[in-house]
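S.K.: Here it is: the structure, laid out below.
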Amino acid sequence: MNKQLFCERLGKKIAAVRKEKKLTQAQLAQLCDLPRQNINRLENGLVNPSTYFISVLAKQLKVPVEKLIP
C-alpha cells in the first residue's frame with residue numbers, strides 16, 4: 001500500500017469512527033486541542049499523521065489505535 005492510499009484509508013476510518021461517536025469535526029478538534037481544519041485535512045487523506053497524533057485521536061474517540069489503522 002502506498003503512502004497516499006494509506007492516508008486516504010486512515011482518514012476514512014477516522015471519519016467513520018467520529019460519526020459513529022456522533023461527534024462533529026469541530027468537537028473532535030476541540031477534544032484534541034487542534035483547529036477543525038486539521039481534522040478535515042486528516043479525514044480527507046491530505047496529511048500523514050504521526051503515531052502520537054493517531055494515539056491522541058484514538059484516546060479521544062475512546063477506541064483502540066488498531067481500530068483506526070487501515
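The values are calculated or read from the model by the stated rules, or taken from the named source; none is laboratory data. Being a predicted model, the structure only gives us computed values, none of them experimental. Please note: Cβ atoms are built from the backbone with ideal geometry, for glycine as well, and neighbour counts cover all protein chains shown. Side chains included, ligands, DNA and RNA excluded: accessible areas come from the protein's heavy atoms. Shrake-Rupley method; radii C 1.70, N 1.55, O 1.52, S 1.80 Å.
S.K.: Among the residues of region 15-38, write down those that are under 27 Å from ASN2 (Cβ atoms) and in contact with a helix residue (DSSP H, G or I) (Cβ under 6 Å, 6 or more places away or on another chain).
M.R.: Across region 15-38, the qualifying residues are ALA15, VAL17, ARG18, GLN25, LEU28, CYS32.
S.K.: Does any residue of region 39-47 turn out to be farther than 14 Å from LEU5 by Cα and either β-branched (Val, Ile, Thr) or in contact with a helix residue (DSSP H, G or I) (Cβ under 7 Å, 6 or more places away or on another chain) (or both)?
M.R.: Within region 39-47, one or more residues are farther than 14 Å from LEU5 by Cα and either β-branched (Val, Ile, Thr) or in contact with a helix residue (DSSP H, G or I) (Cβ under 7 Å, 6 or more places away or on another chain) (or both).
S.K.: Something else: Condition first: of a type in the set (A, V, I, L, M, F, W, C) and closer than 9 Å to PRO70 by Cα. Now tell me which residues in region 8-23 satisfy that.
M.R.: If the condition is that a residue be of a type in the set (A, V, I, L, M, F, W, C) and closer than 9 Å to PRO70 by Cα, then LEU10 is the only one that fits.
S.K.: If you check LEU46 against the conditions, is it aliphatic (A, V, I, L, M) and surrounded by 15 or more Cβ atoms within 10 Å (Cβ to Cβ)?
M.R.: Numbers: aliphatic (A, V, I, L, M): yes; surrounded by 15 or more Cβ atoms within 10 Å (Cβ to Cβ): no.
Criteria not met by LEU46.
S.K.: Then there's this: Only one of LYS3, LYS19, LYS62 is open to solvent by 100 Å² or more (accessible area, probe 1.4 Å) and at pLDDT below 95; which?
M.R.: Within the list LYS3, LYS19, LYS62, the selection yields LYS3.
S.K.: Follow-up. From GLY11, GLY45, grab the single residue that is on the phi > 0 side of the Ramachandran plot and of a type outside the set (A, V, I, L, M, F, W, C).
M.R.: Selected residue: GLY45, the only one of GLY11, GLY45 that is on the phi > 0 side of the Ramachandran plot and of a type outside the set (A, V, I, L, M, F, W, C).
S.K.: Taking region 14-70 as the region of interest, how many residues are of a type in the set (A, V, I, L, M) and either in contact with a strand residue (DSSP E or B) (Cβ under 9 Å, 6 or more places away or on another chain) or outside any helix (DSSP H, G or I) (or both)?
M.R.: Restricting attention to region 14-70, the residues satisfying the condition of being of a type in the set (A, V, I, L, M) are 14-17, 23, 26, 28-29, 31, 34, 39, 42, 46-47, 54, 56-58, 61, 63, 65, 68-69.
Going one step further and asking which of them are either in contact with a strand residue (DSSP E or B) (Cβ under 9 Å, 6 or more places away or on another chain) or outside any helix (DSSP H, G or I) (or both), we end up with 23, 34, 46-47, 63, 69.
Here the count works out to 6.
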